[in-house]
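Remarks on the structure that follows.
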Amino acid sequence: NAGVTQTPKFQVLKTGQSMTLQCAQDMNHEYMSWYRQDPGMGLRLIHYSVGAGITDQGEVPNGYNVSRSTTEDFPLRLLSAAPSQTSVYFCASTPTAHYNEQFFGPGTRLTVL
Amino acid sequence: AQKITQTQPGMFVQEKEAVTLDCTYDTSDPSYGLFWYKQPSSGEMIFLIYQGSYDQQNATEGRYSLNFQKARKSANLVISASQLGDSAMYFCAMREGPGYGNNRLAFGKGNQVVVIP
């Protein structure tokens with residue numbers, strides 16, 4: 001198993017550009033989520049999904065969209081990038097919504113100029 | 001209001017010694033879970049240990065143990081016999097509610113640990 005994969009590893013955007021951060025898992029996990037980590041901070045939840053076709057907002061959803069058309073993929077879309085969205089983005093998955101361990105991807109480091 | 005508080009400054013610990021990382025939390029929900037994750041300098045997040053609010057015993061996983069003091073709302077991580085590979089940032093996190101249909105984690109700001117030979 002590849003586990004949780006994220007692409008790209010690094011990205012630089014200009015203010016106002018849009019892009020999609022990709023997240024995929026090959027473990028048939030139902031639950032997936034996106035977090036962001038700012039310098040000196042812990043992770044904050046952006047959006048999550050309890051299964052294909054079901055998504056919900058986390059703590060900091062503004063400026064981001066998600067969809068979950070398949071069990072494997074959970075892309076995160078930035079509609080109009082802002083410097084405040086400069087961060088490291090982590091995708092995570094668990095077998096079910098009540099499983100304790102979350103499996104994290106390696107992260108995407110995004111810089112918005 | 002901050003749900004997870006980790007306020008210790010960076011810590012230096014001698015190899016083979018034990019280290020305790022402090023974590024306090026704030027919730028009014030009687031059912032919750034507490035987690036510790038490790039983030040080495042390479043950046044990945046590694047799950048270490050879990051404690052449920054109704055668990056009678058303190059959780060242990062190898063060299064990691066969780067000192068759970070419910071009345072004080074504290075969930076300190078103890079790493080015994082520190083190794084050089086334990087140098088990392090350590091994050092305490094909480095999930096409120098019983099966990100069914102909910103795996104939303106709130107993280108603290110982390111504790112930096114450096115193990116010296």
_Pairs beyond 20 Å (Cα-Cα), from B:LYS16/B:LYS70; B:LYS3/B:LYS109; A:LYS9/B:LYS109; A:LYS9/B:LYS3; B:LYS38/B:LYS109; B:LYS3/B:LYS70_ = B:LYS16/B:LYS70; A:LYS9/B:LYS109; A:LYS9/B:LYS3
*asked:* I need the per residue convex hull volume for the protein assembly as shown, using only the alpha carbons, in cubic angstrom as a whole number.
replied: 126
_Potential extension, A:LEU113-A:ASP38 segment - 0.36 nm per residue separation minus Cα distance_ = 25.4 nm
*State the percent of C-alpha pairs, over all pairs in the stretch A:3-43, separated by a distance greater than 11 angstrom.*
76
*Can you pull out the buried accessible area for chains A and B, both sides counted, probe 1.4 Å, rounded to the nearest 100 Å²?*
1700
_Probe radius 1.4 Å, ligands and nucleic acids left out: which of B:ARG72, B:ARG104, B:ARG95 has the largest accessible area, and how do the rest follow?_
B:ARG72, B:ARG104, B:ARG95
*Given +1 on the Cβ of Lys and Arg, -1 on the Cβ of Asp and Glu, and no further charges, what dipole in debye does the stretch B:8-96 carry about its Cα centre, rounded to the nearest 20?*
120
*How do B:LYS38, B:LYS73, B:LYS109 rank by accessible surface area computed with a 1.4 Å probe, from largest to smallest?*
B:LYS109, B:LYS73, B:LYS38
*Along each of the three principal axes of the Cα atoms of chain A, give the extent in whole Å, ordering the values from largest to smallest.*
37, 27, 25
*asked:* Over the Cα atoms, compute the radius of gyration (one decimal) and Dmax (the largest Cα-Cα distance, rounded to a whole number) for the stretch B:11-117, in Å.
replied: 13.8, 44
*Mind checking the dipole of the protein assembly as shown: about its Cα centre, +1 per Lys or Arg Cβ, -1 per Asp or Glu Cβ, Debye to the nearest 20?*
480
*Which residues does a label at B:GLN69 reach in the stretch B:1-37, if reach means a backbone N under 13 Å from a point 7 Å past the Cα toward the Cβ?*
B:21-25
_For B:ASN58, project a label point 7 Å along Cα to C-beta. Then give me every residue of the stretch B:4-30 with its amide nitrogen under 12 Å of that point._
B:19-21
*Heavy-atom accessible area per residue, chain A, 1.4 Å probe: how many Å²?*
45
*Given a Förster radius of 25 Å and the C-beta distance between A:LYS9 and A:HIS98 as r, what FRET efficiency does 1/(1 + (r/R0)^6) yield to the nearest 0.05?*
0.20
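The values are calculated or read from the model by the stated rules, or taken from the named source; none is laboratory data. Bear in mind that the values here come from a model prediction, so they are computed numbers and not experimental data. A quick note on method: Cβ atoms are made from the backbone with ideal geometry, for glycine too, and the neighbour counts reach across all protein chains shown. Please note that ligands, DNA and RNA were not included when accessible areas were found on the heavy atoms of the full protein model with its side chains. Shrake-Rupley method; radii C 1.70, N 1.55, O 1.52, S 1.80 Å.
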